[in-house]
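Input: a single structure, listed below in structure tokens.
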Amino acid sequence: MTLPRLILASDDAELERRLAEAVDGLADVLLISPTAGNLLQTLVEAKPTILLVDQESRTPLHIIVGLVRRADPALHAVAIGDARNPDAVLGAVRAGATDFLDKGEPRDVLRAQVLRHLQSGAEASRAAPGSFELVLSAQPGGGESLFALNLAVLRACAGGDMLFVDCSLPTSEAAAALDIRTAYTVQDAVKDIGRLDRTLVTSALARHPDSGLMVLPLATTAAPDVESVAPEALARLVAAVRPLFRDTLLAAGGVRSPGLLLEFMQAAGRIYFLCEQKFTALADGQQLLRRIDPGPEVLGRTVLVVDEHQPSISLTEEQMRTALGLTSSFRLPPSRVELINSLNTGHPLVLEQPRGAYALALAKGAGIDAPASSSPRRLITGAVSKARNRIFARGAR
């Protein structure tokens, strides 16, 4: 039986040896010096199944990608380098690589990654969009960001393949709340929209190791140009990434375009409408829904979430639901202190206190099984935790 052919464009003979050992019996490895003329001729003659490009090669990756497109538009260039360097990963994505493999991984991991590419035809089965849920808030800047984040974590723990698109403004809190670094944003994805696929997004997006949640934030800093992402561009992006994941949750806190919100509401299988137990929030919520004008069918899929519910407050859940024209609702208990503490420590509340009142109420309202016990607390490592340590150190001086 003829094995698939894997071309490694590199000057690193040791990398070729490790790769050949990793894919023994799975693919034949051909090492070629990554010079423009040699590579183009080899691609045309050898017709490889996979092309791996050493990111440290002397020919820039974007030039190699251009050669690949000339030789075989169906062939994808997969970069291999140091995945611990987020700038290297982003550079590869920008250059047009469809995936990024870590050359430092053990042989069995490299073998599994190559096998995934050999089986990439199975990705065609993901053509239909996955499930889609939406989080709206009566008043921007309330508790919707951490609510959406904890909901997304619960969904990821329950079902695995989950994307969280966080459009909170002025900045997403997801990186701090999950103790991860989110270098790839909605603005980056909009620029890459013409070639978005599963391998690109899973290579570029930040991933929460405890739950497997993938995160795509609108903004990681309070930059003035964030709101320049046009509504139509954001709509196209969400439509493009949804088929790549089993489930997608969009927190629309920073989106105030009625037309775009209507499009998202019409596409969502369930909409969570977060509202505090006060008249001003209720009035703003009524005004927002009047501007969107979603219609009775969409309102039937919209659930009122009464945030920080207190029985002693005279404005009741039933009154709020009636005023908003909604038929279903659930309450979240007062948890501001716990939520902020979980944000400050980088561990989501639903994992920190899975049997706590907040996690149980959220899981029940969303129809998800709460985690049976807390996940082991991770060591404080990574860029976000180092940033915390620097902040604490400055405060101590």
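Any residue at all in region 50-57 that is touching a strand residue (DSSP E or B) at 6+ places or on another chain (Cβ under 8 Å) and acidic (Asp, Glu)? Looking through region 50-57, at least one residue is touching a strand residue (DSSP E or B) at 6+ places or on another chain (Cβ under 8 Å) and acidic (Asp, Glu). All of Asp293, Asp210, Asp284, Asp247 fail the test of being farther than 28 Å from Ala183 by Cα, touching a helix residue (DSSP H, G or I) at 6+ places or on another chain (Cβ under 8 Å) and in the same structural domain as Ser328 (by TED's automatic domain parsing), apart from Asp293. Of everything in region 130-152 that is in a loop (DSSP other than H, G, I, E, B) and in contact with a strand residue (DSSP E or B) (Cβ under 8 Å, 6 or more places away or on another chain), the residue that is nearest to Thr248 (Cα to Cα) is Gly130. Meeting the requirement of 2 or more residues that are surrounded by 20 or more Cβ atoms within 10 Å (Cβ to Cβ), the helices (runs of 4 or more DSSP H) wholly within region 204-314 are 231-241, 258-267, 279-292. For beta carbons closer than 6 Å, sequence separation of 6+ or different chains, a first residue in region 1-28 that is at pLDDT below 90 and a second that is surrounded by fewer than 22 Cβ atoms within 10 Å (Cβ to Cβ) and of a type in the set (Asp, Glu), the qualifying pairs are Leu3/Asp28; Arg5/Asp28.
Scanning region 31-44 for residues that are out of contact with any Ser or Thr (no Cβ under 6 Å at 6 or more places or on another chain) and either buried (at least 18 other Cβ atoms within 10 Å of the Cβ) or modelled with pLDDT of 80 or more (or both) gives Leu31, Ser33, Leu39, Thr42, Leu43. The sole residue among Leu379, Leu351 that is surrounded by fewer than 16 Cβ atoms within 10 Å (Cβ to Cβ) and modelled with pLDDT under 95 is Leu379. Residue pairs whose Cβ atoms lie under 6 Å apart, separated by 6 or more positions or on different chains, with the first residue in region 176-204 and farther than 10 Å from Leu216 by Cβ and not assigned by TED's automatic domain parsing to the domain that holds Gly96 and the second of a type in the set (S, T, N, Q) and assigned to a loop (DSSP other than H, G, I, E, B), are Thr199/Thr98; Leu200/Thr98. Can you find a residue in region 6-24 that is surrounded by 14 or more Cβ atoms within 10 Å (Cβ to Cβ) and farther than 22 Å from Gly104 by Cβ? Taking every residue of region 6-24 in turn, none turns out to be surrounded by 14 or more Cβ atoms within 10 Å (Cβ to Cβ) and farther than 22 Å from Gly104 by Cβ. Restricted to region 45-60, and to residues that are in contact with a Lys or Arg (Cβ under 9 Å, 6 or more places away or on another chain) and over 18 Å from Gly104 (Cβ atoms), which residue is surrounded by the fewest Cβ atoms within 10 Å (Cβ to Cβ)? Among those that are in contact with a Lys or Arg (Cβ under 9 Å, 6 or more places away or on another chain) and over 18 Å from Gly104 (Cβ atoms), it is Lys47.
One residue is enough: does region 50-60 have a residue meeting the conditions in contact (Cβ under 8 Å) with a residue 24 or more places away in the chain, under 30 Å from Ala206 (Cα atoms) and of a type in the set (Lys, Arg)? Yes, region 50-60 contains a residue that is in contact (Cβ under 8 Å) with a residue 24 or more places away in the chain, under 30 Å from Ala206 (Cα atoms) and of a type in the set (Lys, Arg). The residue that is nearest to the chain's Cα centre (by Cα), among those in region 92-112 that are surrounded by fewer than 18 Cβ atoms within 10 Å (Cβ to Cβ) and at pLDDT 80 or above, is Asp102.
The values are calculated or read from the model by the stated rules, or taken from the named source; none is laboratory data. Since the structure is predicted, the reported quantities are computational estimates derived from the model, not experimental observations. In this analysis, Cβ positions are derived from the backbone assuming ideal geometry, glycine residues included, and neighbour counts consider all displayed protein chains.
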